[in-house]
Each structure stands twice: as structure tokens, then as C-alpha cells.
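Chemist: Dumping the structure here so I can ask a few things about it.
What follows is calculated from the coordinates using simple rules that are stated; it is not laboratory data. All values derive from a computational prediction rather than experimental measurement. Note that we place each Cβ from the backbone using ideal geometry, even for glycine, and neighbour counts take in every protein chain shown.
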Amino acid sequence: MAADSSPPCWVAVLLDWQNIYKCAREAFGFESSGSIAGTVDPIKLAHHLAEGIALGRQLQEVRIYRGRPDNARDQRSYSAWRSQTAAWKNAGGDLVIERYRDLRYRGSEIQEKGIDVWLAVDLIHLAMEEGASRVVVVSSDTDLVPALELAVKTRGESFVEVAGWDGPHPSAALLTVDGVVKHRLTRAHYDRFRDDTDYNISLRIRKKSSWDAQIEAEGRRRRPS
């Protein structure tokens, strides 16, 4: 049998990081849990959405949209953000396109501004330049609906896909939008792609803890029964 010579279906994944984190906490009842609950590995999730849906699909890029803490105002959050985003870049390499904007500080209020607009602009640009075969938008922000509708009008219904959490308390608002392919992410998906790393702990300490755990496990294996 001859090998399939058809070109791959190139998939770009646009991932609204803070939105999917908050929506996971809402969908699966994590609001009273620690801050790590709701965190997923965006690279693994992007590979699943690009390549785990059907044969012939290949991840072209994952664009991660996220606010960036101010190091002068909140050194601890900035350090955790830097450690986490560095881990994503190390894991995804050139597939990762960083879309980070400085957070806005107004007294005790911290706001993420411009993220949805940046994602919407990128979506329309991808629809017009025809660089990707498919685009998967991972968000539940209904402000993106006009951009989704324009992308569908530009490239057709098969071009745009949306993904969101669909748990006991679903918060995936974009899954109700007509004319796009929908991927419902369940608790099983969350458990598969979850990231339990505490990035508030320095990498040196995390490596030491991991090494200590390995030594302890090896010691248990070698102890006589």
C-alpha cells in the first residue's frame, strides 16, 4: 500500500491562559482549592487539540495569551510567572509563540487588559493569510464571538474550532457559538493535562525535592522485605 502523500492539516492553537485556568476552577468546583488547581500544561493540551482529534492533523504553533506581573510591584508573582513560562518554552520550543502583556495595577486591583483583543486580531490575521489549515481557540470569552464569526465568513466553518471545559458546572460559553467545530474538555481531559507544579517554589528547590524523592524511592526498593 502506497504511503499517504497528502499534506498535513496544519493546526494553530490560540490559548487564553487565564481564562481556561479560571474556567477549569469553575467547571470542576476548584474555587475553594489551592491556587494550583485548574492549571494545565498548555503544550500537552495544544498537541491533543491539534493532533489527538483526527489523523492527518499536525500542530503548527501554540500561541499563549497571558498577563505579565510587574517585577517591581510583585516580585513573587513575577518570579513564578517567569519560571512557568520558561518551562512552557522549554517544552514547546519554536512551536510556542508568546503573547504576554503587562498587567494593569490600580490600587489593590490587578487587571489583564488587551488579551482578548490580541487573540481576536491574531485569529483574523490567520484567517486572512491562510497560513494554517485550522485554528482552535481555547477560551470562553464571549467578546471573541465577532472575531470567530468573521473568521468563519472568511475561511468557512471547517476553519474555526473552539475548545472549553464542560464539567458539572460548565463555563465554556463559546461552545454555544454556531458555525464552529466544538471540543468539549471534560474532567478526564483536565486530569490528563493538569500541571501540579508549584512555580512559586524556586527551580533549585523543586529539583532538590524531586531528587530527594527519587533517593527515598530507591531506598524503599532496596530495603529487604
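Chemist: Using 0.36 nm times the number of residues separating residue 142 and residue 72, minus their current alpha carbon distance, what extension gain do you get?
Modeler: 21.9 nm
Chemist: Calculate the spin-label point distance for residue 97 paired with residue 130, positioning each point 7 Å from the Cα along the beta-carbon direction, and give it in nanometres.
Modeler: Between residue 130 and residue 97, the simple spin-label model gives 1.8 nm.
Chemist: Identify, among 38, 65, 131, the residue whose Cα sits farthest towards the positive end of the charge dipole of the chain, taking +1 on the Cβ of Lys and Arg and -1 on the Cβ of Asp and Glu, with the dipole about the Cα centre.
Modeler: It is 38.
Chemist: In the Gaussian network model of the chain, springs joining C-alpha atoms below 10 Å, which of 183, 47, 169 carries the largest mean-square fluctuation?
Modeler: Highest fluctuation among the options: 169.
Chemist: Treating only the Cβ of Lys, Arg, Asp and Glu as charged (+1, +1, -1, -1), what charge dipole size does segment 9-222 show about its Cα centre? Round to the nearest 20 debye.
Modeler: So the dipole magnitude of segment 9-222 works out to roughly 820 debye.
Chemist: From the P(r) of segment 1-158, could you give the percentage of C-alpha pairs in the tail past 25 Å?
Modeler: When all Cα pairs of segment 1-158 are counted, 35 percent exceed 25 Å.
Chemist: DSSP beta bridges in the chain, what fraction antiparallel, as a percent rounded to 5?
Modeler: 10 percent
Chemist: Can I ask one more? Rank 152, 11, 137 by mean-square fluctuation in a GNM of the chain with C-alpha springs under 10 angstrom and give only the top-ranked residue.
Modeler: 152
Chemist: Taking the chain as a Gaussian network, Cα atoms linked when under 10 Å apart, which of 123, 150, 175 shows the biggest mean-square fluctuation?
Modeler: Fluctuation is largest for 150.
Chemist: Report the gain in length on full extension from residue 82 to residue 187: 0.36 nm times residue separation, minus Cα-Cα distance, nm rounded to one decimal.
Modeler: Once the chain is fully extended between residue 82 and residue 187, it gains 35.0 nm.
Chemist: If I model a spin label as a point 7 Å beyond the Cα along the Cα-Cβ vector, how far apart are those points for residue 196 and residue 157 in nm?
Modeler: Each label point lies 7 Å from its Cα, and together they span 4.2 nm.
Chemist: Using r as the Cβ-Cβ distance of residue 111 and residue 149, and R0 as 25 Å, what FRET efficiency do you calculate, to the nearest 0.05?
Modeler: With a Förster radius of 25 Å, E is 0.40.
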